[in-house]
Amino acid sequence: MIVFRKIFQSSIGRKTLMAVTGAALILFLFAHLSGNLLMFAGQDAMNNYAVSLREMGPLLWIARIGLLTIFVIHIGIGISLSIQNRRARPERYQYEKTIQASVASRFMIQTGLLLLFYLLYHLAHFTLGLAHEQYFHLVDTSGRHDVYSMVVLGFRQWYISLIYI
């Protein structure tokens, strides 16, 4: 427990933990993308994948809670590091040189908020059925939840495609 406290008190420890949680989120994105690429294998492959996810039962919820925990830790550490940086120099520079700061680091808050809104929309669309409800209750010829058709019909609307692409 003392080790964890030292990690959270050290800015290097928090930056390392932020990098680790960021890497975990990227690994999740690759896994999620590999599942979504089954769209190109056809309706049966995609819907089988969706069924296999739903059949995970409690394991799926454990994974979701774990992912949410990683998100919260990542965001919380990012906010605390930002606050620490502002407190270290409360007075702004007259001329801000951004030679050492990358574009990603300068727009971290904006891109983070954009990703949060995208994530909420994505969950509302495909997981909760709160967005575009007319597609959420589709069933394929085998009686499975028709995720494939949800994607195809959704992407026929330009603004949905724009959000995802």
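Odds and ends about this structure:
- Helical segments meeting 15 Å axial Cα length and Kyte-Doolittle 0.5 threshold in the chain (DSSP H): 11-36, 58-88, 108-122
- Helices in the chain, meaning DSSP H runs of at least 4 residues, each add -39500 (n - 2.57). Divided by all residues, the mean residue ellipticity at 222 nm is -22000 deg cm²/dmol.
- Here r is the Cβ-Cβ distance between GLN9 and SER102 and R0 is 25 Å; the resulting FRET efficiency, rounded to 0.05, is 0.45.
- Modelled FRET efficiency - R0 35 Å, ALA24 with TYR159, Cβ distances, 0.05 increments: 0.65
- Pairwise FRET efficiency - THR141 versus LEU113, Cβ, R0 = 30 Å, nearest 0.05: 0.15
- In this rough spin-label picture, where each label sits 7 Å from Cα along the Cβ direction, the LEU67-HIS32 distance is 0.5 nm.
- Along the stretch 127-138 the Karplus relation, 6.51 cos²θ - 1.76 cosθ + 1.60 evaluated at θ = phi - 60°, assigns HN-Hα couplings of 9, 9, x, 8, 10, 6, 4, 4, 9, 5, 9, 5 Hz to successive residues, with x for each Gly and Pro.
- Sequence-distant contacts, meaning Cα pairs under 8 Å at least 6 residues apart, place the relative contact order of the stretch 6-121 at 30 percent.
Just so you know, all these numbers are worked out from the coordinates, no wet-lab data involved. Predicted model only: the values in this text are computed from it and were never measured. No Cβ is skipped: glycine too gets one built from the backbone with ideal geometry, and neighbour counts run over all protein chains shown.
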